[in-house]
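Asker: Just dropping this structure here.
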Amino acid sequence: ATALDEAVERWRVPGVALAVFVDGRFDAARSDLTELPEELRVESLRETVARDPSWLAERLGKHLDVEDQAFTALNAALWRDGLCVHAPAGLKVERPLQLLAIATGAERAVEIQLRHVIAVERSAEVTLIEHYVGLDGRPVFENVVGEIELADNARLDRYKVELCARDGYHVGRVEGRQGRDSRLRSHVFSLGGQLLRDDFASHLGGEGGDATFNGLFLADGERLVDHHTAIDHATPNCTSNELYKGILGDKSKGVFNGKVFVREGAQGTAAQQSNKNLLLSRSATINTKPQLEIWADDVKCTHGATVGQLDNDALFFLRARGIGFEQARGMLIRAFAAELLDGIRSLPLRMQLESELETRLGG
């Protein structure tokens, strides 16, 4: 088997439908979209352009800012392919869909521009797993832009796993729009790559909407991991919960910048935001900035951030019971990450990520 086939076999999540992209292009031969409902549209964006351009024209770039976002503008000009998902009203898709994007770095330095459009209509439910994987090779720059539309009472569970190669550079931006009583669950795991920048925003435009943003990032060496989030409470009685955790070692750097906007008239808003960081060396740094901007007076909003090191008392407690230093250290780090891993509803994906985290912490 080729290295590409081995990567597909390694990172495919058991029991899911699979859409494979290699260096920014859809790979039909390695994909498996069988056993999905016939009503569900899952195809490459190039295919959507050819088959249903009017549907795509109504959605592509509708809510994205290309004037103030340079990488978004670059993607708008240069994208060649991506994933299109359209769930019609009332469709509950039980089988998760995995997008596996592999960057090979095979031809000199590779530039990849991917564009995704996800539309979930009224009362429909979808689970999407995004994997961005890099093979060891030359430096790769990957720029991914996504647009999510959730109609009234729609449900989307989204998992994004970033496992770029050591010399990989990944920039991602997603804009979400949520209708009345919709629910968006986002889980981001940034575990590999030289530079990772992930921007995720959602606009709660219908009463009763709910957004959950969770993230775990791990960095060593001189890597940089950069997360920016924005949740816009534009209507009354919406809720949001946000928890990001960072684990940083060596001379690595982390950034968390989270914003929660509560618009005038958005009474009854409940929003929680938290960023917790664990520094494993004196040279690691984190810049954290949780923000609230509130223009309504009947709200319940909290935000906070913590930065710390491993608890020496806890280390002593474990070592006094015969556990070696490295093992005790690993146990405490895994316990710190467990809260976010336990939130993964897909057991095969959770097991895969736990194994990957174990490998990286062991290294």
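The values are calculated or read from the model by the stated rules, or taken from the named source; none is laboratory data. Predicted model only: the values in this text are computed from it and were never measured. Heads up, the Cβs are rebuilt from the backbone with ideal geometry, glycines too, and the neighbour counts pull from every protein chain shown. We work out accessible area using only protein heavy atoms, side chains counted, and drop any ligands, DNA or RNA first. Shrake-Rupley method; radii C 1.70, N 1.55, O 1.52, S 1.80 Å.
Asker: I need the peptides 352-361, 170-179 ranked by packing, meaning the mean over residues of other C-beta atoms within 10 angstrom, with the highest value on top.
Answerer: 170-179, 352-361
Asker: Round to a whole number: what % of the accessible area of the chain belongs to carbon and sulfur, probe 1.4 Å?
Answerer: For the chain, the apolar C and S fraction of the accessible surface comes to 48 percent.
Asker: Let me ask something else about it. How large is the direction-averaged shadow of the alpha-carbon convex hull of the range 1-72, in nm²?
Answerer: 7.1 nm²
Asker: Can you tell me which of 243-251, 343-351 comes out highest on packing, and rank the rest after it, using the mean Cβ neighbours within 10 Å?
Answerer: The packing order, highest mean first, is 243-251, 343-351.
Asker: Here's another thing I want to ask about it. What share of Cα pairs, in percent, lie more than 17 angstrom apart in the range 233-363?
Answerer: Tail of the P(r) past 17 Å holds 67 percent of the pairs.
Asker: When each pair of different Cα atoms in the range 161-207 is counted once in the 1/r mean, what is the Kirkwood radius in angstroms, to one decimal?
Answerer: 12.2 Å
Asker: Using only alpha carbon pairs under 8 Å that are at least six residues apart, calculate the relative contact order of the range 198-346 and give it in whole percent.
Answerer: 20 percent
Asker: Separate question: For the range 123-176, give the share of DSSP beta bridges that are antiparallel, in percent and rounded to the nearest 5; count only bridges with both residues there.
Answerer: Taking every DSSP beta bridge within the range 123-176, about 0 percent pair in antiparallel fashion.
Asker: Please list, in chain and number order, the residues 5+ apart from Q272 or on another chain whose amide H is under 5 Å from its amide H, with Hs placed from the backbone.
Answerer: HN-HN under 5 Å from Q272: S240, N241, E242, T302.
Asker: Can you bin every Cα-Cα distance in the range 1-149 into 5 Å intervals starting at zero and give me the percent of pairs per bin, rounded to whole numbers?
Answerer: In whole percents, the pair-distance histogram is 2, 9, 19, 21, 21, 15, 10, 4, 1, 0.
Asker: Suppose all protein chains stay in the model; what accessible area per residue would a 1.4 Å probe give for the chain, in Å²?
Answerer: Per-residue value: 44 Å².
Asker: Would you mind counting up the charge near A3? Only other residues with Cβ under 12 Å from its Cβ, with Lys and Arg at +1 and Asp and Glu at -1.
Answerer: In short, -3.
Asker: Strictly greater than 19 Å: what percent of every Cα pair in the range 127-269 meets that?
Answerer: Pairs farther apart than 19 Å: 52 percent.
Asker: Can you flag which of K92/K245; K253/K300; K259/K300; K62/K245; K62/K92 are past 22 Å Cα-Cα?
Answerer: K92/K245; K253/K300; K62/K245; K62/K92
Asker: Compute the separation of the alpha-carbon centres of the range 293-363 and the range 135-172 and state it in Å as a whole number.
Answerer: Computed from Cα coordinates, the inter-centre distance equals 23 Å.
Asker: One quarter of the convex hull surface, Cα atoms only: what value does that give for the range 227-300 in nm²?
Answerer: 4.5 nm²
Asker: Given all pairs of different Cα atoms, what value in angstroms does the Kirkwood hydrodynamic radius of the range 52-131 take?
Answerer: 14.8 Å
Asker: Taking the highest mean first, how do the peptides 294-305, 315-326 order by number of other beta carbon atoms within 10 angstrom per residue?
Answerer: 294-305, 315-326
Asker: Give a residue-ordered list of calculated ³J(HN,Hα) values for the range 123-129 (Karplus: 6.51 cos²θ - 1.76 cosθ + 1.60, θ = phi - 60°; whole Hz; x for Gly, Pro).
Answerer: 6, 8, 9, 9, 10, 10, 10
Asker: With Kirkwood's inverse mean 1/r over C-alpha pairs for Rh, give me the Rg to Rh ratio of the chain, two decimals please.
Answerer: With Rh from the inverse mean 1/r over Cα pairs, Rg/Rh is 0.97.
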